[in-house]
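Beneath this line is the structure, given in structure tokens, with notes to follow.
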Amino acid sequence: MTNDELAAQLAASLKAWRVSPNGAALTQADLAQKSGIGLTPLKRFEKTGAITLRNLIAILRALDLLDGLQNLVPDADSPSPLDVLAAAQKKSARVRQRAPRSHKA
């Protein structure tokens with residue numbers, strides 16, 4: 001997926017959340033006012049996916065979705081997903097023990 005496709009998908013998802021009765025149930029004008037961004041940048045974002053980071057943060061905050069953005073990048077000190085997977089595989093690996101050898105005399 002290209003950057004433009006991803007931006008358009010994000011814009012469509014946020015628009016769907018904005019208009020949904022189970023989501024924010026806000027008009028564009030309501031969201032623009034609540035987020036503090038202009039109506040024109042909001043319309044442009046929903047149409048093209050183009051937005052500044054500050055405006056995206058303002059929209060996410062207004063829609064109570066900012067937690068998702070804050071958890072987007074893992075803590076630098078946390079183990080990588082591959083390290084976690086390797087540790088889990090190592091822990092679950094069963095070690096087979098050999099039966100004692102019988103010695104024939």
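Nothing in this text is a laboratory measurement; each read-out follows from the coordinates by a stated rule. Since we're looking at a predicted model, the values are computed, not measured.
When the helices of the chain are scored as -39500 (n - 2.57) per DSSP H run of n ≥ 4 and the total is divided over every residue, the value at 222 nm lands at -17500 deg cm²/dmol.
Please work out, to two decimal places, the log10 of the ratio I(q)/I(0) at q = 0.12, 0.13, 0.18, 0.24 Å⁻¹ from a Debye calculation in which every Cα of region 33-94 carries one identical scatterer. Each listed q maps to, in turn, -0.50, -0.54, -0.71, -0.98. In square nanometres, what is one fourth of the surface area of the convex hull spanned by the alpha carbons of the chain? Mean projected area for the chain: 12.2 nm², to one decimal.
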